[in-house]
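In what follows, a structure is listed as structure tokens, so that the remarks can point back to it.
The values are calculated or read from the model by the stated rules, or taken from the named source; none is laboratory data. Being a predicted model, the structure only gives us computed values, none of them experimental. Ideal geometry is used to build each Cβ from the backbone, glycine not excepted, and the neighbour counts take in all protein chains shown. Please note that ligands, DNA and RNA were not included when accessible areas were found on the heavy atoms of the full protein model with its side chains. Shrake-Rupley method; radii C 1.70, N 1.55, O 1.52, S 1.80 Å.
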Amino acid sequence: MKRENKIQVLERISDEMRAVVAYQQPDLPPWPGDSPLAVQRRYYQQERQFWNADAPPMQRILAQSVPTAYGSVNTRIYYPQPESPATLIYLHGGGFILGNLDTHDRIMRLLAHYTRCAVIGVDYTLSPEAHYPQAIEETVAVCEFFYRHGQRFALNMSQMSFGGDSAGALLAISVALWLRDRGLRYGKITSVLLWYGLYGLQDSASRRLYGGEWDGLTRNDLAAYEQAYLRTDQDRESPWYCIFNNDLTRDVPPCFIASAEYDPLIDDSRALYHTLQAHRQPCEYRMYPGTLHAFLHYSRMMKTADDALRDGARYLLTQRDQR
């Protein structure tokens, strides 16, 4: 699509989203897009420090290394109270190549605060150092570890949810389906919380109309993230990367599907919702007007971001109580 034909997204976003885009952090240089990945990762962590400030305190936070077939993976457990009625395993976004437990600290704290449930953040190995399906298998190993040692860590793994944003949303539903497809049970999955994920579409109206330097989701950006994550071109059709190639007609855990209005990935979320709905799989869809991809990070300035987290927390609690 010619650049002139794309939607003028920055003219349409909400006032609070515009304030975030316009905000300049003191002493923070421009995004080092042409720099080595290590530099981009340091910048991303530095830039997120402001947005992670003033998060709710926890009753306890525990760092725990978990053994996997690929080596140890770090996790962080957020305890909002001594007794947890359920456990949420959270996978951070960042295009598979960026992000860690620190960059998504506020998101996980708020989810723990709103659900009153323990939240386990998984510091899965990033790409291109790791390729599909390593992050999925590492997360499965984390599930098994805490299922077997739940009492030791004061975790209720009999009521378990997965959650994630962006690439982390894909990982969250991929892990849930991986467990189902392999007959693995490490607790009852009562819900999956998915914020503006990519689920395997290779083309869509939203991918053509939206995306730019403001969100790092141009078509070239999306292709680069995919190339870093996947081993081969054939992996694009894998049912745990292209979710629409999996069986979505049965035994899909209840899904909360959240999207951003001006996100090039919004059609992925719409397609997932309509597919699940058509096959009577439990799901709820929310679109947050005036927002860009990754808006969940900006709850310090955006009520809409806080609303999206609260909506996901409410869905988790509702599904837990029903099952």
So Leu276, is it touching a Pro at 6+ places or on another chain (Cβ under 9 Å), crowded, with 17+ Cβ neighbours inside 10 Å, at pLDDT 95 or above and not in a loop (DSSP other than H, G, I, E, B)
yes
Residues of segment 126-136 classified as open to solvent by 50 Å² or more (accessible area, probe 1.4 Å) and either of a type in the set (Ser, Thr, Tyr) or free of Cβ contacts under 8 Å to residues at least 40 places away in the same chain (or both), total
1
When both residues are 6+ apart or on different chains and their Cβ atoms are under 6 Å apart, which pairs have a first residue that lies in segment 90-119 and is open to solvent by less than 20 Å² (accessible area, probe 1.4 Å), and a second that is modelled with pLDDT of 95 or more and acidic (Asp, Glu)?
Gly93/Asp165; Leu101/Asp123
For segment 201-258, give me each residue that is open to solvent by 60 Å² or more (accessible area, probe 1.4 Å), in contact with a Lys or Arg (Cβ under 8 Å, 6 or more places away or on another chain) and over 27 Å from Asp181 (Cβ atoms).
Arg208, Arg219
Counting only residues in segment 154-199 that are open to solvent by less than 10 Å² (accessible area, probe 1.4 Å) and of a type in the set (Phe, Trp, Tyr), the one nearest to Leu91 (Cα to Cα) is identified as Phe162
Scan segment 16-63 for residues that are among the aliphatic types (A, V, I, L, M), in contact (Cβ under 8 Å) with a residue 40 or more places away in the chain, surrounded by 11 or more Cβ atoms within 10 Å (Cβ to Cβ) and not in a helix (DSSP H, G or I) and jot them down.
Ala55, Met58, Leu62
Trp214 fails exactly one of the following numbered conditions: (1) at pLDDT 95 or above; (2) part of a loop (DSSP other than H, G, I, E, B); (3) out of contact with any Gly (no Cβ under 9 Å at 6 or more places or on another chain); (4) not small (Gly, Ala, Ser). What is the number of that condition?
(1)
